[in-house]
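The values are calculated or read from the model by the stated rules, or taken from the named source; none is laboratory data. No experiment lies behind these values; they were computed from the predicted model shown. All Cβ positions, even for glycine, are placed from backbone atoms using ideal geometry, and neighbour counts span all protein chains on display. Accessible surface is based on the protein model in full, side chains and every heavy atom, while ligands, DNA and RNA are left aside. Shrake-Rupley method; radii C 1.70, N 1.55, O 1.52, S 1.80 Å.
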Amino acid sequence: MNIRRAQENDIEGLDKLLYQVLMVHHNGRPDLFKADVKKYTDDELREILHDDTRPVFVAADGTEGILGYAFCVFTQHINHNTFTDVKTLYIDDLCVDENVRGQHIGKKLYEYVLSYAKACGCYNVTLNVWSCNENAVKFYEKCGLVPQKIGMEKILD
């Protein structure tokens, strides 16, 4: 397995995994997430893949099949009234193909992102996880992440 920056020829594999994530979210919160749609068009994915402020990493097998990915975004609040100027790498989405989970691919992807962020001078790595995705919550806790903030809601009848 090789972890590297995603390329345009990875779009088909990324689409497959993006769909798996969508369905986890749809099954957990069908009131918020549609089924059978794409998070990004292929043109949007191409744009993201060429944007150095939004690096995407893939775990590829020997035949260049995509086993997992991590979509990331750099954030920094320069001269903000309340936030310090720290540089953060936000993990927007991390997924391992449901057919190969349990092989530590997600952990290796996460560790790669940590190393990348450190090399880029980041102060921290952050992410959000839906509470209905219990497996993801457990995975991130095992990786040593702790809550930074908590989003809360009240559904109005």
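Answer yes or no as to whether residue 5 is in contact with a helix residue (DSSP H, G or I) (Cβ under 6 Å, 6 or more places away or on another chain) and open to solvent by 40 Å² or more (accessible area, probe 1.4 Å).
no
Which of (1) open to solvent by 20 Å² or more (accessible area, probe 1.4 Å); (2) over 21 Å from residue 129 (Cα atoms) is the odd one out, the single condition residue 60 does not satisfy?
(1)
Are there any strands (runs of 3 or more DSSP E) wholly within the stretch 1-113 with 1 or more residues that are free of Cβ contacts under 8 Å to residues at least 24 places away in the same chain, and if so which?
66-76
Does residue 146 satisfy the condition of being open to solvent by 70 Å² or more (accessible area, probe 1.4 Å), assigned to a loop (DSSP other than H, G, I, E, B), of a type outside the set (Asp, Glu) and modelled with pLDDT of 95 or more?
It is true that residue 146 is open to solvent by 70 Å² or more (accessible area, probe 1.4 Å), assigned to a loop (DSSP other than H, G, I, E, B), of a type outside the set (Asp, Glu) and modelled with pLDDT of 95 or more.
How many of the residues making up the stretch 63-88 are under 16 Å from residue 7 (Cβ atoms) and either among the aliphatic types (A, V, I, L, M) or surrounded by 15 or more Cβ atoms within 10 Å (Cβ to Cβ) (or both)?
Result for the stretch 63-88: 8.
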